[in-house]
Amino acid sequence: MSTFVSEFKTRATEKSGDLRHRQFIRTALRGYEAARDKRKGAFQSWEAARQAAAETKWEAVNHLDTHLEALVAKLEARGTKVHWASTGAQAREIIAKILREKNARCIIKSKAMTSEEIHLNDALEKEGFTVVESDLGEFIVQLRHETPYHIVFPSMHLTRGEIRDLFQKEIGDAPSDSPEDLTMVARRVMRQKYITADVGFTGANFAIAETGMISITENEGNSRLTSALPKTMITLIGIEKVLPRFADLALFLPMLATAGAGQPMTCYNTMYSGPRQPGECDGPEEWHVVLLDNRRTELLADAEQRDSLHCIRCGACLNVCPIFRNVGGHTYGTTYSGPVGAVITPHLRGLQDWKHLSNASSLCGACTEACPVKIDLHHHLLQNRRNASASEPAFFEKLAYQLFGIVANEPKFWSLAKKIGWLTQPLQRAVKGSALDPAKAWTKTRDLPPMPQETFKDWWRNRK
Amino acid sequence: MSERENILGRIREALKVPAPLPGSHGDTSVYTPAKAPVSHAREWLPSVGASMAEQFELFAKNAADLKADFQLLASREELKAALAKIATAEKWSLIASHDGELSNFASRSLGLPVLLTDKGYDVQAMEKCDAGITECDALIAQTGGVAVTSRSAGGRALSVLPPHHVVVARREQLVADLPAAFALLQQKYAPDFPSMISFITGPSRTGDIERILVLGAHGPKKLTILCL
């Protein structure tokens, strides 16, 4: 068993038995559900909007080369420097090189899952740069030296008391445990950082091929400030984030807000098309956009699961997933957790090491139904299971199915097996759940129904 | 070969196999979507009334839900009075604004020192301002938000750095919905877009602590929209 799977099992067992955690997450998500349903209900047709969003993303992803070339040509025409990175290591090096050239010391960051994906903060801190996360949730988990718990709500696993204690310990300022007071502490800390940071770093939600723009969605205004005040701005974006047209945002922005947080629109939706232009009074002098592949092209090559590149990282599938809600975000051990993480992580980080995530699913389909761009998530989980067992079949499982095939295909063997089953039943009960039980993973927490003495066939034959 | 060529090469290789149609569950027929699937977005997004009165009513309701202060004013005198009332209540002593017909009127009406951003400004000085007064490109009835750009609203920082953002707008700037707002921006600016376009929908907020709403996370704690 790989360490990833045993770690997953250990953490999942611990978290699913942690009733406080479960209660806390459920309460947090109940509010989300009510708000999301209200906002979805306000759409004249959420279903038609989903289909159009899926088709738009399909168009973008299935003509990715032409859209990327158009995007880059437009960006460069306005003075933006575009970099291409095949791997996380290349992206880290490109970013570190810009920072070295600028003699930068402090980098203010707004939320970017791509930077979590390539472990950017660790790499930059090792080189001696100071990296400050400005999104409140990200700031909190950074102070705790943790990864985000959820792709949209990074600190949703923490209580206000825990955050107060953290602020007291790390910044020596925590007037009370009210969310208002704690938010104002972060606001005070961050204000001067925006002004004094050498470089502002952002992620991105969409890139518009038609007009050469990067679109960033946020609520706090930290990304607005990050891309307004520092002299240099760096944006890291996955190559799949492209949309064909400017007008596509008229649909995607409200859908992202609705699916992601139950809002009609997030507070700031901002499109950047270049560094400071002639006649403008502020904004960065230089803007670097780093396009990240990091095995997205491998996912693209799998036509069956290509639509998982449609993902707009709204987190809706995490919020509705019964597994996520019980095991929590950190259990996955991945940058992208929940159903979409279980689908894409095996592609991004290796099928055999991460195939267990596709088994951590009840295949209920709630994720597929929640997805605003109609990714066929639960079918992809099944496909991952199929691909994993096809490329590396488990010996005993294969043997068991072969034996079953022989027995089930021959009526004599079948009725004999039923007799043996009935006779050996007491034995199973004796070893149930113990090391001697071959099916202990299943039977440890479950009772097998007793087999009846008379089979249906016998009953049918003897009726009258 | 450059990384650009490597990545584009891998993309082209991958796309040789067609992908199934969205929602088709594995139907691999090659599919060409409608020219712009979102062109009917207006029919699916939340509905907006047809008349201006209905749209202003909707804007006011949405702005109130967002905890923004929206005032529809009859004259410049009323605008002046509304601003003076806020300035007194919040004890403004320094404001920031930008050059514009309406923003000049608004910022000068208070008789307070004004930091103008147009020809460059000191960031530390702007951080000390009590309010940023800007114009905008559009008011969007569907969302209760406004659209601003780095060209129409005094740069990138003016609408987010001061703790109170005051938007001064004209009635004819109201558009019904998001598709109309995007069409307006494209018509007004393409191909020479301002380097930043921002849809501001309510004052800055966060829910990162126990999902409880707090206003003024990093941007303005208050957003006031005064419409003539």
Under 6 Å between Cβ atoms, which residue pairs at least 6 apart in sequence (or on different chains) link something in the range A:109-128 that is surrounded by fewer than 16 Cβ atoms within 10 Å (Cβ to Cβ) with a partner that is assigned to a helix (DSSP H, G or I)? A:Glu127/A:Ala96
Could you tell me which numbered condition B:His40 fails, if it satisfies all but one of (1) part of a loop (DSSP other than H, G, I, E, B); (2) modelled with pLDDT under 95? (1)
Go over the candidates A:Ala303, A:Ala342, A:Ala316 one by one and state the one that is within 11 Å of chain B (Cβ to nearest Cβ), small (Gly, Ala, Ser) and farther than 19 Å from A:His21 by Cβ. A:Ala303
Of the listed residues (A:Gly341, A:Gly333, A:Gly350, A:Gly328), the one being among the small types (Gly, Ala, Ser), in the same structural domain as A:Arg36 (by TED's automatic domain parsing) and without any contact (Cβ under 8 Å) to a residue 12 or more places away in the chain is A:Gly350
Do the conditions hold for A:Gly17, that is, is it free of Cβ contacts under 8 Å to residues at least 40 places away in the same chain, more than 10 Å from every other protein chain (Cβ to nearest Cβ) and either touching a helix residue (DSSP H, G or I) at 6+ places or on another chain (Cβ under 8 Å) or more than 30 Å from B:Asp177 (Cα to Cα) (or both)? yes
Considering only the range B:100-157, state which residues are in contact with a Gly (Cβ under 6 Å, 6 or more places away or on another chain) and hydroxyl-bearing (Ser, Thr, Tyr). B:Thr117, B:Thr134
Which numbered condition trips up A:Glu138, out of (1) outside any helix (DSSP H, G or I); (2) touching a strand residue (DSSP E or B) at 6+ places or on another chain (Cβ under 9 Å); (3) farther than 27 Å from A:Glu69 by Cα; (4) charged (D, E, K, R)? (1)
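Picking from A:Arg306, A:Arg276, which residue would you name as being of a type in the set (Lys, Arg) and without any contact (Cβ under 8 Å) to a residue 24 or more places away in the chain?
Selected residue: A:Arg276, the only one of A:Arg306, A:Arg276 that is of a type in the set (Lys, Arg) and without any contact (Cβ under 8 Å) to a residue 24 or more places away in the chain.
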Which residue, of A:Lys109, A:Lys97, is within 25 Å of A:Leu318 (Cα to Cα), basic (Lys, Arg) and not assigned by TED's automatic domain parsing to the domain that holds A:Leu348? A:Lys109
Any residue that is more than 11 Å from chain A (Cβ to nearest Cβ), small (Gly, Ala, Ser) and under 18 Å from B:Thr201 (Cβ atoms) - is there at least one of those in the range B:106-115? no
Any residue in the range A:168-191 that is among the basic types (Lys, Arg) and surrounded by 24 or more Cβ atoms within 10 Å (Cβ to Cβ)? no
Give B:Ala169, B:Ala157, B:Ala141 a once-over and let me know the one that is buried (at least 24 other Cβ atoms within 10 Å of the Cβ), more than 9 Å from chain A (Cβ to nearest Cβ) and either under 30 Å from B:Ala89 (Cβ atoms) or touching a residue at least 24 places away in the same chain (Cβ under 8 Å) (or both). B:Ala141
Evaluate the range A:218-234: report whether one residue or more is among the β-branched types (Val, Ile, Thr) and either under 30 Å from A:Glu55 (Cβ atoms) or not assigned by TED's automatic domain parsing to the domain that holds A:Arg187 (or both). no
Just one listed residue, out of A:Ala70, A:Ala53, A:Ala85, is touching a Pro at 6+ places or on another chain (Cβ under 9 Å) and crowded, with 22+ Cβ neighbours inside 10 Å, and it is A:Ala53
Could you count how many residues in the range A:20-58 are assigned to a helix (DSSP H, G or I), at the interface with chain B (Cβ under 8 Å from one of its Cβ atoms) and not hydrophobic (A, V, I, L, M, F, W, C)? 6
Pairs where the first residue, in the range A:381-398, is touching a residue at least 12 places away in the same chain (Cβ under 8 Å) and the second is among the basic types (Lys, Arg) and surrounded by 13 or more Cβ atoms within 10 Å (Cβ to Cβ), C-beta under 8 Å, 6+ apart: A:Asn384/A:Lys355; A:Arg385/A:Lys355; A:Ala388/A:Lys355
Strands (runs of 3 or more DSSP E) contained entirely in the range B:130-169, each with at least 3 residues that are within 10 Å of the chain's Cα centre (by Cα): B:138-140, B:145-149
Do we find a residue being surrounded by 19 or more Cβ atoms within 10 Å (Cβ to Cβ), touching a helix residue (DSSP H, G or I) at 6+ places or on another chain (Cβ under 6 Å), of a type in the set (D, E, K, R) and more than 12 Å from every other protein chain (Cβ to nearest Cβ) anywhere in the range A:352-359? yes
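Yes/no matrix, rows are residues, columns are (1) buried (at least 23 other Cβ atoms within 10 Å of the Cβ); (2) over 23 Å from the mean Cα position of the chain (by Cα); (3) farther than 27 Å from A:Pro339 by Cβ:
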site	(1), (2), (3)
A:Ile234	yes, no, yes
A:Gly238	no, no, no
A:Pro278	no, yes, yes
A:Ala301	no, no, no
A:Gln305	yes, no, no
Would you confirm, using the coordinates I've provided, whether A:Ile208 is surrounded by 23 or more Cβ atoms within 10 Å (Cβ to Cβ) and within 12 Å of chain B (Cβ to nearest Cβ)? yes
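The values are calculated or read from the model by the stated rules, or taken from the named source; none is laboratory data. All figures in this text were calculated on a predicted structure; none of them were measured in a lab. Note that each Cβ is placed from the backbone with ideal geometry, even for glycine, and that neighbours are counted across all protein chains shown.
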